[in-house]
């Protein structure tokens, strides 16, 4: 397939799927490919903020992360995730785990951490749920999110970050982004999220997926938003889109 044919195929695919995407060079944090109407405009990104809240917690607790019980109350999985630690909570995007984790951090704590990753923090008077991506109060631009994950990947050996990276590895193999496992020839890192819809007319929500690839030596960061779906479905779209975009390089 020629470069022109690939570009046309991606454009048609994205339009049909109501998909926005941007692909970064993971090292330079520069845009390689993009189809996103307003990539500089902040929008809610749901659970994509969870890794940064986790790192905040770790810095306040000597990088010791708790195990909590998820019964399904206050979580998207109504049957519950059971006893769950940080890596699995990231892999399966457990809201119950992060609600409990967020009880021990403040917006000011989060600001101090996310600034290092190039993110703006939540408002000083936000509620606890905002700290793990619920609601629409904490808004980030797609470009800053993608670049923050590139920075996260570059720090993958650091204490706290390493535990988050393990969760993203699990997400891409057995978690909410498991569609990537059979779509790519090598391991990936991923995080999914579901956020209030930022489109007009509005849908029930927008699904997000961020993919760092290859997972063991990152070259690319792909951020995908799909209108009207949940994060797991956005990961399925990313699994189809990333091989086409990377294959065109």
- Could you put 92, 227 in order, starting from the residue whose Cβ has the fewest other Cβ atoms within 10 Å? 227, 92
- Note on the structure: In degrees, nearest 10, the alpha-carbon axis of helix 161-173 is tilted away from the dominant principal axis of the alpha carbons of the chain by 50 degrees
- Message: If you fit an axis through the alpha-carbon atoms of helix 231-247 and take the longest principal axis of the Cα set of the chain, what angle between them do you get, 0 to 90°, nearest 10?
- Response: 40 degrees
- Item | Label-reachable residues, segment 56-77, where backbone N falls under 12 Å from a point 7 Å from residue 104's Cα toward its Cβ | 56-68
- Shape parameters for segment 143-231, alpha-carbon atoms, Rg then Dmax in Å: 13.4, 43
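Hey, what number do you get for the chain at 222 nm if only DSSP H runs of n ≥ 4 count, each worth -39500 (n - 2.57), divided across all residues, to the nearest 500?
Taken over the chain, the calculation gives -11000 deg cm²/dmol.
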- Note on the structure: With label points set 7 Å from each Cα along the Cα-to-Cβ direction at residue 59 and residue 240, the distance between them in nm comes to 3.9 nm
- Item | Rounded, prolate or oblate (a/c below 1.5 giving rounded, otherwise prolate when a/b exceeds b/c) for segment 50-157 by Cα gyration tensor | prolate
- Viscosity 1.306 mPa s, 10 °C: Kirkwood-radius Stokes-Einstein D of the chain over Cα pairs, µm²/s: 89 µm²/s
- Pairing the Cα long axis of helix 50-60 with the longest principal axis of the chain, what angle in degrees results, from 0 to 90 and rounded to the nearest 10? 40 degrees
- Note on the structure: Here the relative contact order (percent) of the chain, from C-alpha pairs under 8 Å and at least 6 apart, is 23 percent
- To the nearest Å, what is the center-to-center distance of segment 18-43 and segment 61-130, using C-alpha atoms only? 26 Å
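We did not get these values from a lab; they are worked out from the coordinates using the rules stated. Computed from a predicted structure; not experimentally measured. All Cβ positions, even for glycine, are placed from backbone atoms using ideal geometry, and neighbour counts span all protein chains on display.
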